[in-house]
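Data first, discussion second: the structure below is written as structure tokens.
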Amino acid sequence: MSEATSPAERELWSRRSRSFGGRAAEYARHRPDYPLDGLRWCLPPGATRVIDLAAGTGKLTTGLLALGLEVTAVEPDAEMRSEFTRHHPDVPVLDGTAERIPLPDRSADAVLAGQAFHWFDPVPALTEIARVLRPGGFVAGLWNSNDRSVPWVAEFARISGFVQRGSTNARLADHPAFGPFERRTFRHAHRRTAESLVETLFTHSALLVAPEPERDEIRKRVREFLGTHPDTAAGEFDLPLETTVLRGERR
């Protein structure tokens with residue numbers, strides 16, 4: 001958070017950052033995963049040992065395991081860790097934060113964070129990530145966002161009054177331990193129904209902490225839109241996504 005941010009804004013940011021645990025099961029059920037080509041781009045040659053930082057319920061870990069990697073997860077929220085273990089019982093998940101990673105120096109080839117870097121204190125987090133990375137290892141942040149170049153998705157954002165700002169959130173601070181950060185965008189999709197897309201919307205922190213009357217009104221509007229729009233009204237459909245990835249190499 002910026003030093004210019006007001007106390008009220010800091011309090012809201014803190015509430016939002018702590019809002020996910022109470023909806024851990026819904027987060028696991030409704031949030032999208034990450035494209036495998038994007039995950040591959042996050043890895044240095046020969047990578048085997050990877051940290052999933054702020055791992056949540058394990059959305060990113062699912063893809064990393066599919067690539068045959070040895071994963072250690074770090075997650076501060078006990079309810080999210082519990083849900084993570086339900087989905088990935090054989091993957092260690094440690095109580096820690098980006099600024100306090102409970103792992104030894106140079107113990108990882110890559111550190112990845114899915115939908116999370118915007119919650120970190122950037123300079124202390126990158127200092128700690130640099131500590132646990134080997135030289136030549138990669139740090140990477142990934143953000144999924146709805147692809148608003150698709151007309152019905154743009155209309156959905158307008159109707160809901162909620163825009164996923166993946167590309168806006170995709171920022172990593174310059175840090176002397178890392179070379180220049182590179183950015184790429186990968187196409188992705190999330191198989192949804194009208195009802196499950198509504199539930200996905202309500203796993204985001206801005207709506208998790210919104211007043212109940214506002215939440216009810218948004219839910220009513222988006223249900224009506226999705227239930228009547230020809231692209232979303234009949235059964236399953238693909239929600240088009242863009243996955244923005246930033247990566248940097250440990251000097």
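The values are calculated or read from the model by the stated rules, or taken from the named source; none is laboratory data. Just so we're clear, the structure is a prediction, and the values are computed from it rather than from any experiment. Positions of Cβ are backbone-derived with ideal geometry, glycine not excepted, and every protein chain shown enters the neighbour counts. Protein only, heavy atoms only, side chains kept; ligands, DNA and RNA dropped before computing areas. Shrake-Rupley method; radii C 1.70, N 1.55, O 1.52, S 1.80 Å.
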Scan Asp109, Asp105, Asp121, Asp147 and give me the residue that is closer than 16 Å to Glu242 by Cβ and of a type in the set (Asp, Glu). Asp147
Residues Glu182, Glu155: which one is under 25 Å from Leu39 (Cα atoms), in contact (Cβ under 8 Å) with a residue 60 or more places away in the chain and of a type in the set (Asp, Glu)? Glu182
Take Thr61 and tell me if it is in contact with an Asp or Glu (Cβ under 6 Å, 6 or more places away or on another chain) and polar (S, T, N, Q). yes
If only one of Ala157, Ala173 is farther than 30 Å from Arg250 by Cβ, among the hydrophobic types (A, V, I, L, M, F, W, C) and under 20 Å from the mean Cα position of the chain (by Cα), which one is it? Ala157
Considering only helices (runs of 4 or more DSSP H) fully contained in region 87-197, which possess at least 1 residues that are closer than 23 Å to Ala55 by Cβ, open to solvent by 50 Å² or more (accessible area, probe 1.4 Å) and touching a strand residue (DSSP E or B) at 6+ places or on another chain (Cβ under 7 Å)? 166-169
Among all residue pairs at least 6 apart or on different chains, which show Cβ distances below 9 Å where the first residue, located in region 24-48, is β-branched (Val, Ile, Thr) and the second is open to solvent by less than 30 Å² (accessible area, probe 1.4 Å) and modelled with pLDDT of 95 or more? Thr48/Leu69; Thr48/Asp109
Inspect all residues belonging to region 79-90 and state whether any of them is within 24 Å of Arg134 (Cα to Cα) and of a type in the set (D, E, K, R). no
From the list Asp121, Asp95, Asp90, Asp105, which one is free of Cβ contacts under 8 Å to residues at least 40 places away in the same chain and over 18 Å from Val71 (Cα atoms)? Asp121
When you check Leu43 against the structure, is it modelled with pLDDT under 95, out of contact with any helix residue (DSSP H, G or I) (no Cβ under 6 Å at 6 or more places or on another chain) and under 23 Å from Ser145 (Cβ atoms), yes or no? no
Residues of region 214-251 being within 30 Å of Leu112 (Cα to Cα), without any contact (Cβ under 8 Å) to a residue 60 or more places away in the chain and open to solvent by less than 30 Å² (accessible area, probe 1.4 Å), which ones? Phe237
Only residues in region 186-212 that are within 19 Å of Glu11 (Cα to Cα) count as the first member; pair them with residues that are surrounded by fewer than 19 Cβ atoms within 10 Å (Cβ to Cβ) and aliphatic (A, V, I, L, M), Cβ under 8 angstrom, at least 6 apart or cross-chain, and list the lot. Val209/Leu12
Would region 30-41 turn up any residue that is basic (Lys, Arg), out of contact with any strand residue (DSSP E or B) (no Cβ under 9 Å at 6 or more places or on another chain) and in a helix (DSSP H, G or I)? yes
Among the residues in region 54-71, are any open to solvent by 60 Å² or more (accessible area, probe 1.4 Å), in a loop (DSSP other than H, G, I, E, B), within 20 Å of Val132 (Cβ to Cβ) and touching a residue at least 24 places away in the same chain (Cβ under 8 Å)? no
